[in-house]
């Protein structure tokens, strides 16, 4: 049995390395419904200079990079609190300084959201952490598996980087 034996995890977005690491540690991946952990992976979009963005494109980047994550996380936390259970949220995305201004704004806000929710929801036993990376390999998968596990029970509000000089 692995670190995550008996845990159910919803993986939003695509990452074969994260999925493989979660499964290797005994987690059951679920597409919907109640789960112990929410992992949200956002694939970066091509960076564009701000002067080429319309307001609609700017808002769409904020919606995808921040708003949708917030809404899913809020619903996850509400379900966990209603059930009287803790849980964990792990956001995965590219470092904000490497993205276009629209995505950088969303990523910067997500960093602050991670820190705030990490403190605000700690009393409910819900941890919130972020991993900023270009890495899509085994190191990323293992870090996410660790953050989803009970071994990281006291890690919340953390923003971590993996392989940031490779981008």
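Over the chain, with a Gaussian network built from C-alpha contacts below 10 Å, which listed residue (152, 17, 77) shows the highest mean-square fluctuation?
Top of the fluctuation ranking is 152.
Taking only Cα atoms, what is the 0 to 90° angle, nearest 10, from helix 138-148's long axis to the longest principal axis of the chain?
For 138-148 against the chain, the angle is about 60 degrees.
Rounding to the nearest 10 and keeping the result within 0 to 90°, find how far the Cα-based axis of helix 101-120 lies from the longest principal axis of the chain.
30
Could you work out which residue, out of 110, 22, 71, moves most in a Gaussian network model of the chain, that is, has the largest mean-square fluctuation with Cα springs under 10 Å?
Greatest mean-square fluctuation among the candidates belongs to 71.
Could you tell me how many degrees, from 0 to 90 and to the nearest 10, lie between the Cα long axis of helix 68-82 and the main elongation axis, the longest principal axis, of the Cα atoms of the chain?
Approximately 20 degrees, to the nearest 10.
Just to be sure I understand the model, the point goes 7 Å from the Cα along the line to the Cβ. What's the resulting residue 81 to residue 112 distance in nm?
That separation, rounded to one decimal, is 2.2 nm.
For the residues 127, 81, what sequence is obtained by ranking on other C-beta atoms within 10 Å, fewest first?
Ordered by Cβ neighbours within 10 Å, fewest first: 81, 127.
Over what distance in Å are the Cα centres of the range 1-47 and the range 106-167 separated?
If you average the Cα positions of each part, the centres end up 13 Å apart.
Can you give the helix-only mean residue ellipticity at 222 nm for the chain, where every DSSP H stretch with n ≥ 4 adds -39500 (n - 2.57) and the sum goes over all residues, rounded to the nearest 500 deg cm²/dmol?
-12000 deg cm²/dmol
Compare 50, 119, 39 in a GNM of the chain, Cα atoms joined below 10 Å, and give the one with the largest fluctuation.
50
Computed from the coordinates by the stated procedures, all read-outs in this text should not be read as laboratory data. Nothing here was measured: the structure is a model prediction, and the numbers come from that model. No Cβ is skipped: glycine too gets one built from the backbone with ideal geometry, and neighbour counts run over all protein chains shown.
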